[in-house]
1. How long, wide and thick is chain B, going by the Cα atoms along their three principal axes, in whole angstroms, largest first?
2. Give me a single rounded figure for B:262-275: the average over its residues of other chain Cβ atoms within 10 Å of their Cβ.
3. Could you give the Stokes-Einstein D for the stretch B:138-265 in µm² per second, using the C-alpha Kirkwood radius, 10 °C, 1.306 mPa s?
4. Which distance in nm do the two modelled labels at A:GLU293 and B:SER118 give, with both placed 7 Å along the Cα-to-Cβ direction?
5. Taking only C-alpha pairs under 8 Å that are 6+ residues apart, what is the relative contact order of chain A in percent?
6. What share of the DSSP beta bridges in chain B is antiparallel, in percent to the nearest 5?
7. Which helices pass in chain A if a helix is a full DSSP H run, must span at least 18 angstrom along its long axis by Cα, and must have mean Kyte-Doolittle hydropathy not below -1.0?
8. Over the stretch B:30-175, calculate the relative contact order: mean separation of alpha carbon pairs under 8 Å at least 6 apart, over the residue count, as a percent.
There are 2 protein chains.
Amino acid sequence: MKALIYQGVETLAFEDAPEPRAKAGEVVVRVEASGICGSDMHAYLGHDARRPAPLILGHEAAGVVEGDGRRVTINPLVSCGVCAACVAGRENICADRQIISMPPREGAFAQYVAMPESNLVTVPNHVPLAKAALAEPIAVSWHAARLALAALSPDMERRAVVLGGGAIGLAAALALRAQGIAETCIIEPNAARAAYLRDHCGETVAAQAARPTPLIVDAVGISQTRATASQIVEPGGVIAHIGLGDHADGLDVRRMTLQEITFIGSYTYTAQDFRDTAQAMFDGKLGSLGWTEERPLQKGAAAFQDIRSGAVAAPKVILRPWP
Amino acid sequence: MKALIYQGVETLAFEDAPEPRAKAGEVVVRVEASGICGSDMHAYLGHDARRPAPLILGHEAAGVVEGDGRRVTINPLVSCGVCAACVAGRENICADRQIISMPPREGAFAQYVAMPESNLVTVPNHVPLAKAALAEPIAVSWHAARLALAALSPDMERRAVVLGGGAIGLAAALALRAQGIAETCIIEPNAARAAYLRDHCGETVAAQAARPTPLIVDAVGISQTRATASQIVEPGGVIAHIGLGDHADGLDVRRMTLQEITFIGSYTYTAQDFRDTAQAMFDGKLGSLGWTEERPLQKGAAAFQDIRSGAVAAPKVILRPWP
C-alpha cells in the first residue's frame with residue numbers, strides 16, 4: 001500500500017509500506033479520509049518523543065471495513081479493557097493505552113490501517129467519510145467540554161471563551177453549545193483563521209476576551225494561553241486544558257487559589273465520549289462540519305508545510321489516500 | 001484595650017488600641033483565644049500587600065459576646081450577602097469579601113473584636129474556647145477536602161496525601177477522614193513536627209509519598225510542593241491547593257494534561273462549610289484537637305519568632321489576650 005511516512009524532522013515521504021494485518025479482534029479498514037492533527041505537526045517538527053521516525057502518522061480516520069464494506073469512523077485509542085480505569089469507563093487514562101500513529105501502532109496516513117473491531121463506529125450513509133473523520137478531534141473537545149461542565153458551579157452563567165481557533169478550538173465551541181452553553185467566543189489571533197471562523201462557520205470570534213468568563217477552554221496549551229486563561233476566568237470558574245504545546249506552565253496559581261479556579265487537564269476521550277460525539281455529529285447537533293479542506297495523501301508533505309506557514313484558513317485538512 | 005499591633009516588617013508590639021465599636025448588625029466579642037496563621041506570618045514578614053502596617057493581625061478567634069455572654073467561635077470572612085456568589089452560598093468568592101486582619105477590618109490579636117452577628121457560631125459548654133478557635137483553620141481544610149472529594153472520580157481509591165504538616169495540613173487529614181477518605185498520609189520534612197504529628201496526633205507521616213495517590217492536598221502552596229503534587233498524583237486524580245506561599249507555579253502541566261489531573265484552587269470556606277466544620281468539631285468527628293500550644297498575647301512577638309525559627313512542634317499556637 002501507499003503511506004505518508006515520517007522519516008525525520010520536517011521530512012515526509014509518500015512511499016510503499018507493508019499492508020497491516022489484523023490481529024485477533026481486529027479488522028483492516030481501507031482508509032478514505034485522515035485528518036492532520038496538531039500532534040502530527042508536533043511529531044513532524046521533531047517535538048514529540050512519543051513519535052520517533054520512521055513512522056506512519058495520522059489518527060483521525062474514517063473508511064470502509066475490508067470484507068464487509070461497512071462505513072466506519074475510527075476511535076484510535078486502544079486500551080487494555082481490564083484495568084480499573086477501563087472498567088470505570090475512563091479508557092483515556094488506561095496505563096497501557098495505545099494510539100495509532102504511536103509505536104507499536106502505525107497511523108492512518110496510509111491506504112489501510114488495522115483496528116480492533118470495538119474501536120469502530122458505523123457511519124450512516126448520509127454522512128460523508130471525510131466528515132466522519134472529524135469524530136476524533138471533535139471527541140477531544142466534547143470530552144473536555146463534558147468535564148468542564150461537570151465542574152462548573154450550577155449558579156454560574158453558561159458562558160465560555162475558547163482560546164485558539166484550530167479544529168480543537170472550533171470543536172470545543174460546537175461541543176459546548178451542544179452540551180448547553182448558551183454563549184461561546186473563540187479567541188484567535190490569526191486574521192485569516194478568525195475571518196474563516198466568523199464568515200464561514202458563523203462563530204463569534206474576538207482578538208481577546210472582553211470580560212471575565214466562567215468557563216475557559218484552552219485549546220492551544222502553551223504558557224501564554226494558560227496565563228491568559230488563569231487571568232480571564234471568572235472567580236469560581238473552570239479552565240479545561242487540552243493542548244500539549246509546551247512544558248513551561250504560565251498559570252497564575254496565586255489568582256487561581258484566591259479566586260478558587262478549577263483547572264482540568266483533559267486528554268482525548270472515553271469510548272462513550274467518542275460514540276456520543278459521533279452520534280451528535282450524525283444527528284446534526286454539531287453543525288454542518290463544512291470546515292475542512294481535502295487534499296490527496298500523495299501531497300501530504302506540502303499540506304504540512306502549508307499548515308505550518310499559516311497558509312491554511314480551514315481548521316482541518318483531510319488527506320485522502322485513494323486517487 | 002490591649003492588642004498585638006503589626007508595626008512593620010518583623011515588628012509586633014503589645015500596646016493599647018481603641019476598642020472596636022459594633023456597627024449595625026454587629027456585636028463586640030471579648031476575645032479569649034486567637035490562633036496564629038501562616039498568613040499572619042506572611043504579613044509579619046512583610047510578604048502580604050493585603051496587610052499593610054500598622055494593623056492588628058489575627059483572624060482565628062473564639063470568645064464571649066459582650067452583653068449576653070454567649071460563647072462563640074468567629075467566622076472572620078465578611079461578605080456582601082447579595083451578589084450572585086453570596087446568593088449561591090459561595091461567600092468565599094464574593095467580590096466584596098472582607099476578612100478581619102485586613103483593612104478595613106482590624107484583627108483578633110486583641111482583647112475585643114467587632115463582628116457581624118451572622119458570623120458567629122455558638123460553642124457548646126463542653127468545648128474549650130481555645131479549641132473552638134480552631135474552627136477557622138479547620139474550615140479552610142474542610143472546604144478544600146469537600147471540593148476535592150466532589151471532583152474525585154467515584155471509581156478511584158479513597159486515599160490521600162497531604163503536603164505539609166502545619167495546622168492546615170493536619171486539619172486536611174482530619175477533614176478528609178471525616179468526609180470519607182479511608183487512608184491519609186502527611187508529608188512533612190521538619191523532623192520535630194513529623195514526630196509530633198505521629199506520636200501526639202496519631203497521624204501517618206512520611207518524608208515522601210510512596211506511590212501514586214488519587215487525591216493530593218497541597219497545604220503549603222509553594223512551587224516545590226506544586227511540582228511534587230503534580231508528579232505524585234495518580235492519573236485521573238485531583239489536587240486541592242490551599243496555600244499562597246509563592247507566585248511561581250511549578251506545576252507539571254504536561255503530565256496533568258496527559259494524565260487528566262484536576263487542580264482546584266481553594267480559598268477559605270463558605271458560611272455553611274464553617275458551620276459544618278464547627279459542628280463536626282463539637283461532635284468529636286475531628287479528633288481531640290489537642291495539638292495547640294497556648295501563650296499569652298502579651299508574648300505574641302516571641303511566639304512569631306519561635307514559629308519562624310521552626311522551634312514550635314505543635315501545629316497551632318493560640319494566643320490568649322487576657323491574663
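1. Over chain B, Cα extents along the principal axes are 56, 43, 39 Å.
2. Mean number of neighbouring Cβ atoms from other chains: 4.
3. Estimated diffusion coefficient is 113 µm²/s.
4. If labels sit at A:GLU293 and B:SER118, their model points lie 5.8 nm apart.
5. Contact order relative to length: 19 percent.
6. Percent antiparallel among DSSP bridges in chain B is about 55.
7. Span-like helices, by this rule, are A:135-151.
8. Averaging sequence separation for qualifying contacts and normalising by length gives 26 percent for the stretch B:30-175.
No value in this document is a laboratory result; all are computed from the given coordinates. Keep in mind that what you see is a predicted model, and the values were worked out from it rather than measured. Positions of Cβ are generated from backbone atoms using ideal geometry, with glycine treated the same way; all protein chains shown enter the neighbour counts.
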